[in-house]
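Reading through the structure tokens given below for one structure.
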Amino acid sequence: MIIVREYFVAKPGQASKLANLMKEAMKVGGYQSRIMTDMTGEFNRVVMETEMESFTAMEKRMEEYGKNDALFQDNAAGTPLQKLHYLGSSDVQDMFLPNTGHALTLERTAPQMREQVSDWLDRHGL
């Protein structure tokens, strides 16, 4: 058994609203998580604590998140919606890594992600 703690920092005065939204999302997803506001640290911090059977179970959950990401599905024109959030640059490249959840640096595909980021940085002289 492992306990996974994820910390989120809300805009000032919005921690309760974020906590309530997260509680509703956990009900829909069927996950058993505790959503708490942080009374000892920053006043706008929300903590999600989830018990998982193993790292394998956590990995499976992260893969499910990646496969069923309702927020960033492609639109009808085939443009990844996440790319539309980066309007400050004309040079935005999106990448898709199959079988990868949201914890990119912890996934088995992390080496491929690092390689793609490194290639992009090289192309831009960084």
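Restricting 19, 25, 77, 15 to those that are modelled with pLDDT under 85 and farther than 30 Å from residue 124 by Cβ reduces the list to 25.
Among the residues of region 52-71, are any more than 18 Å from the chain's Cα centre (by Cα), modelled with pLDDT of 75 or more and more than 30 Å from residue 117 (Cβ to Cβ)? Yes: region 52-71 contains one or more residues that are more than 18 Å from the chain's Cα centre (by Cα), modelled with pLDDT of 75 or more and more than 30 Å from residue 117 (Cβ to Cβ). Here 101, 41, 88, 125 are screened, and the one residue that is at positive phi and either modelled with pLDDT of 80 or more or outside any helix (DSSP H, G or I) (or both) is 125.
The values are calculated or read from the model by the stated rules, or taken from the named source; none is laboratory data. Keep in mind that what you see is a predicted model, and the values were worked out from it rather than measured. A quick note on method: Cβ atoms are made from the backbone with ideal geometry, for glycine too, and the neighbour counts reach across all protein chains shown.
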